[in-house]
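Enquirer: The following block contains the structure, expressed as structure tokens.
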């Protein structure tokens, strides 16, 4: 059974529909207590969503999901972040610059920052070719340079290139997916990316 974290950041129905289409059992987590690594009813956690970095982090902190997610990932339990669910894994974001001497910190699971695209046409909305790293479990069997659906103004910039599982180009070449142990996360929306997106979700769920 897969647990989907709903913390009020975006419409999650498309994620649930994609999992149902694949015949993968999933339900929304009832609360952060269900993410206890030692007693969770879930085999893996999906952390999707859209929205502003600071608003999302505030929601996670107030709901208790921030600490629960950090503990789940720290225990090397299967995890898939989608869109803002990728960006929040990093230490900080240019979307939420320091204010009054206070910095909005992400979950800080992956060293690095989230940066704004330098071009004028932002956000990136639509399909973009995505180049997976050789040996990626997440992209196994997916055609090289497959297209996935993106909608975002900021991109992840990990400190270590070893964390990057795939790249895309939009003004700059940037990290569009990460893999580290049982942790995986993508900037694009696999649930809106047709056959390639469904294959990616199936790859992730198949590794549980």
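Enquirer: If residue 149 satisfies all but one of (1) under 16 Å from residue 175 (Cβ atoms); (2) assigned to a strand (DSSP E or B); (3) under 14 Å from the mean Cα position of the chain (by Cα), what's the number of the condition it fails?
Expert: (1)
Enquirer: Need the failing condition index for residue 120 against (1) in a helix (DSSP H, G or I); (2) surrounded by fewer than 18 Cβ atoms within 10 Å (Cβ to Cβ); (3) without any contact (Cβ under 8 Å) to a residue 60 or more places away in the chain, just the number.
Expert: Unmet for residue 120, out of (1) in a helix (DSSP H, G or I); (2) surrounded by fewer than 18 Cβ atoms within 10 Å (Cβ to Cβ); (3) without any contact (Cβ under 8 Å) to a residue 60 or more places away in the chain: (1).
Enquirer: Mind telling me which of the residues 138, 208, 200 ends up being crowded, with 20+ Cβ neighbours inside 10 Å and assigned to a loop (DSSP other than H, G, I, E, B)?
Expert: Of 138, 208, 200, the one residue that is crowded, with 20+ Cβ neighbours inside 10 Å and assigned to a loop (DSSP other than H, G, I, E, B) is 138.
Enquirer: Picking from 197, 141, 135, 126, which residue would you name as being in contact with a helix residue (DSSP H, G or I) (Cβ under 9 Å, 6 or more places away or on another chain) and at positive phi?
Expert: Checking each option against the conditions leaves just 141.
Enquirer: Still on this model: Conditions: (1) within 19 Å of residue 113 (Cβ to Cβ); (2) surrounded by fewer than 18 Cβ atoms within 10 Å (Cβ to Cβ). Residue 180 meets all but one. Number of the miss?
Expert: Here residue 180 clears every test but (2).
Enquirer: In the stretch 28-57, which residues are farther than 14 Å from residue 85 by Cα and assigned to a helix (DSSP H, G or I)?
Expert: 32, 33, 34, 35
Enquirer: Here is a further query. Return the residues of the stretch 92-105 that are out of contact with any strand residue (DSSP E or B) (no Cβ under 6 Å at 6 or more places or on another chain) and surrounded by 14 or more Cβ atoms within 10 Å (Cβ to Cβ); say none if nothing qualifies.
Expert: 96, 104, 105
Enquirer: A further question follows. Just give me the residues in the stretch 5-27 being loosely packed, with under 13 Cβ neighbours inside 10 Å and touching a strand residue (DSSP E or B) at 6+ places or on another chain (Cβ under 7 Å), in sequence order.
Expert: Listed by number, the list holds a single entry, 25.
Enquirer: Among (1) within 19 Å of residue 55 (Cβ to Cβ); (2) modelled with pLDDT of 95 or more, there is one condition residue 103 misses while meeting the rest; what is its number?
Expert: That leaves (2) as the condition not met.
Enquirer: Check whether at least one residue in the stretch 2-13 is under 15 Å from residue 84 (Cα atoms) and assigned to a helix (DSSP H, G or I), and report yes or no.
Expert: No - not one qualifying residue is present in the stretch 2-13.
Enquirer: State yes or no: is residue 58 at pLDDT below 95 and more than 24 Å from residue 192 (Cβ to Cβ)?
Expert: Spelling it out, residue 58 is indeed at pLDDT below 95 and more than 24 Å from residue 192 (Cβ to Cβ).
Enquirer: Can I ask one more? Quick test for you: out of 138, 86, pick the one residue that is over 18 Å from residue 53 (Cβ atoms) and in contact (Cβ under 8 Å) with a residue 40 or more places away in the chain.
Expert: After applying the criteria, what remains is 138.
Enquirer: OK, next. Among the numbered criteria (1) touching a residue at least 12 places away in the same chain (Cβ under 8 Å); (2) part of a helix (DSSP H, G or I), which single criterion is violated by residue 61?
Expert: Evaluating residue 61 over (1) touching a residue at least 12 places away in the same chain (Cβ under 8 Å); (2) part of a helix (DSSP H, G or I) leaves (1) as the failure.
The values are calculated or read from the model by the stated rules, or taken from the named source; none is laboratory data. What you see is a predicted model; the values in this text were computed from it and never measured. All Cβ positions, glycine included, derive from the backbone under ideal geometry; neighbour counts span all protein chains shown.
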